[in-house]
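First up is the structure itself, then whatever we jot down about it.
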Amino acid sequence: MPPKAILFDLDDTLWPIAPVIAAAETLLHDWLATHAPKVARQFSIEVLRQHRLAMLNEQPHFHGNLIELRRAGLLSAFEAAGEDPALVDGAIAQFLAARNRVRPYDDVLPGLAWMRQRMLVGSISNGNADLEIIGLAQHFKVSIAASEFGVAKPDASIFLAACAALDVAPHEAVYVGDDLYFDVTGAQGAGMRAVWMNRKGSDAHLAAGVQPDAICANFDDLLLWLQQQLED
């Protein structure tokens, strides 16, 4: 059946996120050096990162709200360093402002424009991207963030909620994402077709035993695959 809707993951699917997070964490640490110097002296960027990863392993529910994970990590660091925890909100605001300074891959905006003329477009994300701030909200009829929904990918309920919001059945929708577990397995588990956006040319799906409905290296590949689906 030709798809009626297409939904996207955001980070590392529509834009590269690693350099953005690195820049945001540097800005945050510089802010800490000025406003909470005892935290900055005691906790490097890497130490804060490792602390968050440990918390995530112990409390996997944070996958659905990564900014709360960061907030919890900072609160713990502020307490350990003897700094005023009331400053954490300001630190988070600094991080979020920098975290939303993303630059979409060059193929994304033309691709979204093409899709919007032919099907419903939505997004589902476990991350903290704000499409209004980024300037892409107009491309999406529905956008669901795990932090607001209360359940994260790969849980089927968040995929089903997005389909319901677009008034399409799961088998009428395609999900596109870069993560084999959260995106591909999650979407297929909800009854959707899943495209693996594999910009790095990885063959990780073989070892993982995951079979995406399509593997695309970029939006040009995705548009060719969609054209075939729409013509069937």
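The values are calculated or read from the model by the stated rules, or taken from the named source; none is laboratory data. Worth saying up front: this structure is predicted, and the values here are computed from it rather than measured. FYI the Cβ positions are ideal-geometry reconstructions off the backbone, even for glycines, and counts take in every protein chain you see. The protein model used for the area step is the full one, side chains on, heavy atoms only, and it has no ligands, DNA or RNA in it. Shrake-Rupley method; radii C 1.70, N 1.55, O 1.52, S 1.80 Å.
For this structure, a couple of remarks:
- Measuring nothing but how far apart in sequence close Cα pairs (under 8 Å, 6+ apart) lie, relative to its length, the range 1-133 scores a relative contact order of 46 percent.
- Ignoring lysines fewer than eight residues from residue 4 along the same chain, the ones with Cα atoms less than 19 angstrom from its Cα are 141.
- For residue 176, the residues whose amide H sits under 5 Å from its own are 7, 8, 9, 195, ignoring neighbours fewer than 5 places away on the same chain, with H placed 1.01 Å from N.
- Share of carbon and sulfur in the accessible heavy-atom surface of the range 17-100 [1.4 Å probe, %]: 59
- Ratio Rg/Rh, restricted to the range 65-200 and using Cα atoms, in which Rh is the Kirkwood radius: 1.04
- Gaussian network model of the chain, springs between alpha carbon atoms under 10 Å - residue of 129, 93, 194 with greatest fluctuation: 93
- Considering the range 17-100 at the alpha-carbon level, its Rg and Dmax are found to be 11.8, 32 Å.
- Per-residue ellipticity at 222 nm computed for the chain from its helices equals -14500 deg cm²/dmol, with DSSP H segments shorter than 4 residues left out and the rest contributing -39,500 (n - 2.57).
- In this calculation the C-beta distance from residue 55 to residue 228 is compared with R0 = 41 Å, giving a FRET efficiency of 0.40.
- Counting 0.36 nm for each residue step from residue 93 to residue 118 and taking away their Cα separation leaves a gain of 5.3 nm.
- Cα gyration tensor category, rounded, prolate or oblate, for the range 122-232 with a/c compared to 1.5: rounded
- Per-q log10 I(q)/I(0), the chain, q = 0.07, 0.16 Å⁻¹ (Debye; single scatterer per alpha-carbon; no solvent): -0.25, -1.10
- Under 5 Å between amide hydrogens, built in the peptide plane, is the criterion, and for residue 12 it picks out 17 among residues at least 5 positions away or on other chains.
- The range 107-155 shape via C-alpha gyration tensor axes, a/c threshold 1.5: prolate
- Where the chain is the region considered: accessible area per residue in Å², 1.4 Å probe: 47
- In summary, the aspartates and glutamates within cross-link reach of residue 38, defined as a Cα separation below 15 angstrom excluding same-chain residues under 8 places away, comprise 30, 79, 83, 84.
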